[in-house]
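Inspection log for the structure reproduced underneath, given as structure tokens.
Nothing in this text is a laboratory measurement; each read-out follows from the coordinates by a stated rule. Remember, predicted model here, so these are calculated numbers, not experimental data. All Cβ positions, even for glycine, are placed from backbone atoms using ideal geometry, and neighbour counts span all protein chains on display.
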Amino acid sequence: MKDSDLHDLEFTRDYAVTVERLWQAITRPDQLAQWFGPEGTRIGTCDLNFTRTGPWFCIMIGRESGREFKASGQVTSVRPPEGGAGSVGLTWAWHDDTDTRGSESHVTFTVERTDSGARLILVHRGLPTVESAQDHSRGWLSTINSLDAFLGA
């Protein structure tokens, strides 16, 4: 598959919180566990620590169906928001019912200081199909709604 066949998503959201508060929400395991995942899911077993490089995984459970959804990858970069901007980069892949990882893509969470608070820019690159990009778009928009509620936005 050529890079030109891959699909990218980008979402931007402004919050009336400090950049440090937003950074904690997207990197600290205790805070990620409170909002990470689309609405209608809850966090099961997870190693969600985006404060350091290394492996991560998360099992999200459908509240009504009880179905488990597992994603995993590597945190590839962590740049704390010194000077008003920071970012976390990670690889991302869903697992199938046999726990086999699917195609890998890359996610970046960037936080920036704004005049009225902080901005989150979420980029998901390298999705293999239009259908995958559409599914991830719905999932990230729902996940951002969960972050909104967590931050009181």
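A few comments on the model shown:
- Distance-filtered residues of the range 7-25 - backbone nitrogen under 19 Å, label point 7 angstrom along S103 Cα→Cβ: 7-10
- Phi to ³J(HN,Hα) by Karplus 6.51 cos²θ - 1.76 cosθ + 1.60 over the range 59-72, Hz, x for Gly, Pro: 10, 9, 10, x, 4, 8, 7, x, 5, 9, 10, 10, 10, 8
- Nearest-ten-degree value, helix 130-151 long axis tilted from longest Cα axis of the chain: 40 degrees
- Cα-based Kirkwood hydrodynamic radius, the range 3-151, one decimal, Å: 15.6 Å
- Compactness of the range 1-78, expressed as Rg and Dmax over alpha-carbon positions, Å: 14.7, 41
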